[in-house]
Amino acid sequence: MVDEWVRGGVTDAVVAPGSRSTPLVLALERHDGVRVHVHHDERSAAYVALGLGMVRRRPAIVVTTSGTAAVEVHPAVVEAHEARVPMLVCTADRPPELHGVGAPQTVDQQQLYGRAVRRFLDPGVPDEAMASSWRSFAAQALVATMDSPPGPVHLNLPFRDPLVGEPGPLPKGIEPGRAWHVPAVVSTAPDPTTVESLASAIGGRRGVIVAGGGIDLADEVHALAGVLGWPVLADPRSGCRTRAETTVSHFDPLLRVPALARRLAPEVVVRLGSLPASKVLGQWLAALDVWQLAVEVDGFRYDPDRNLDGTVAAEPGETCAGLRTHLEAGGTDVAVAAEGWLGEWVHADALAAEAIASALSGHEEPTEPATARDVVRAVPDGTALVVSSSMPIRDVEWFAAPRDHVRVLSNRGANGIDGVVSTAVGVALARAATSPGPTALLIGDVAFLHDTNGLLGAARRGVDLVIVVVDNDGGGIFSFLPQADALGAEPFERLYGTPHGVDLVQLAAAHGISARRVARQAEVAPAVAEAAALGGLHVVVVPTERAANVAVHREIEAAVTTALS
Ligand SMILES: Cc1ncc(C[n+]2csc(CCOP(=O)(O)OP(=O)(O)O)c2C)c(N)n1
Ligand SMILES: [Mg+2]
């Protein structure tokens, strides 16, 4: 099975220690084509595999022993399912005769992850007589992880004692020694009829493109926007928040200004990929009474507010390319949007950017919006920037300036604050091997603490990773919610603020990781740049305060409103 997976492009396995999984672990260990990463904690191990899968778009293998070890993998499986990341989960199991008789470390592992997996497979205890089926079984599992949509596959593998022995010869491959490639199951380009009807629906109207996560060809999005004279409201995860002339970055602060939100109402909306985090953008889109269309590679309907008029199942960038070619060839009678439409958006965005920068320049102590901006600005070209859920992803979305050559990744399938450190370690491991370049992580203190085990062994994994922890000693996001005013100060602090008082620099140091705490905003960008230049693993802790954070967000909102009134 391992040989077949390697032939199919699998390169990495994340293994958590245990005895029952020994035959598979030894097979992985002995194969030259697999890098084996060992992790104490199965939950973290699975998130490392998630990070690897996000970058490589091939599944990483996760191996656990039997019992609760197998259950620990569940959160990452759910995220992989929701975020469509390929993953091959192999849980070792006891053979059937040891089930239901009180044998140790034996639990029901059948369909353990429910409907969160593309497939559940249990081939039974391996037997020499079945050897001819192992390659096709392995291939079947691998293909299922990369189906449309991609996702996790669970292999439950019962092993009978003895668990060690001498390996026999490999069953012959269909083409021995040759790599095979999983064919794309569906075409990702839209068909010509779709392109034609889309072109006639959008041409000549004042429209906006909302670019979310899951776009391969970001340049094509801007090329189409240029032809149409439309703005691209670019989520940082879209790859579209570049210095292109059609980029609008600060759509969230802009749309908080009611007069502007009305004035900039479009006649048509094209949404690409998944939805941005901004609630303000979501509410603005929901209130528009115009034609809205979504383009997503698997045809998934990201539409919590139920206001989509149609969906196209195609890669968003390829769709934009098809549309542009069609429009440029004069296939449909189109004119660009009304003169000045794009200019108005871009001008408003520039004014918002100035207002944000000048509001933040008055703060010498670190603030969360300025930290998000500084991290995006300071990381070197080619960085993969993982951003945690809660305020970090929002602060980057709302306030970060356009940045070329940085790829932003985030676990937004289920929006969990778990496994984020490990995800970043997985991303960094993938990059160490295939697309060299640094990795950075922007994360809150609670999310960091939630996955402290992600730091286990991390300093010895050979990764280039800069972790910036925004430490407001608790869950800062809750201070923005009605709960903050509805409850008294004490219960709110105890139930939602949840201060922990942990010294994060010491915590990192306990793992042998170089760590420092900055005191002023002006130190953040240099600290990040310096850590990235050094290479290896570094933690930078940025202390902030939850109450002050709400105040600074309000201050920015007021500054943008004044600038745009
Ligand atoms: C696994 C998981 N548990 C709980 C939550 C709910 N939750 C959302 S944000 C948050 C607090 C996060 O705090 P921190 O990481 O410090 O970021 P901050 O809010 O301070 O920006 C919690 C507990 C979640 N999203 N995921
Ligand atoms: Mg926090």
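No value in this document is a laboratory result; all are computed from the given coordinates. Note that the structure is a prediction, hence the values are computed from the model and not measured. With ideal geometry, Cβ positions are generated from the backbone for all residues, glycine too; neighbour counts draw on all protein chains shown.
Couple of notes before you dig in:
- Under 5 Å, built H, 5+ apart or other chain: amide partners of A440: A384, L385, V386, V466
- Separation between Cα centres of segment 80-94 and segment 136-164, rounded to whole Å: 9
- Debye equation applied to the C-alpha atoms of segment 271-331, log10 I(q)/I(0) at 0.15, 0.18, 0.30 Å⁻¹: -0.51, -0.69, -1.21
- Spherically averaged projected area of segment 2-158 from its Cα convex hull (nm²): 8.3
- Taking every Cα-Cα distance in the chain and sorting them into 10 Å bins from zero, the calculated P(r) comes out as 4, 17, 25, 24, 18, 9, 3, 0 percent.
- Overall Cα dimensions of segment 422-565 - principal axes, largest extent first, Å: 49, 38, 27
- Environment charge at F159 (Cβ cut-off 15 Å; Lys +1, Arg +1, Asp -1, Glu -1): -3
- Think of the chain as having a plus end and a minus end, set by charges on the Cβ of Lys, Arg, Asp and Glu; of A199, T11, T22, T22 sits farthest toward the positive end of this dipole.
- Taking other residues whose beta carbon is less than 12 angstrom from the beta carbon of R35, and scoring Lys, Arg as +1 and Asp, Glu as -1, yields -1.
- Footprinting exposure proxy for F159, F137, F448 (fewest neighbouring C-beta atoms within 10 Å first): F137, F159, F448
- For segment 192-347, the Kirkwood hydrodynamic radius comes to 15.1 Å, computed from all pairs of different C-alpha atoms.
- Local electrostatic count, R271, Cβ distance below 10 Å [Lys/Arg +1, Asp/Glu -1]: -2
- Value of [θ]222 nm, deg cm²/dmol, for the chain, DSSP H segments ≥ 4, -39500 (n - 2.57) each, nearest 500: -11000 deg cm²/dmol
- Using equal-weight Cα scatterers in the Debye expression, the normalised intensity of segment 365-404 in log10 at q = 0.20 Å⁻¹ is -0.55.
- Exposure proxy order (Cβ contacts within 10 Å, fewest to most) of D161, D464: D161, D464
- Relative frequency of Cα-Cα separations exceeding 20 Å in segment 1-75, percent: 24
- Relative contact order (percent, whole number), the chain, Cα cutoff 8 Å, 6+ residue spacing: 14
- Rel. contact order, % - alpha carbon contacts under 8 angstrom, at least six apart, segment 192-347: 34
- Distant-in-sequence amide H partners of A60 (H built 1.01 Å from N, under 5 Å): G53, L88
- Packing order of peptides 428-436, 534-542, highest average first: 534-542, 428-436 (average count of other Cβ atoms within 10 Å over each peptide's residues).
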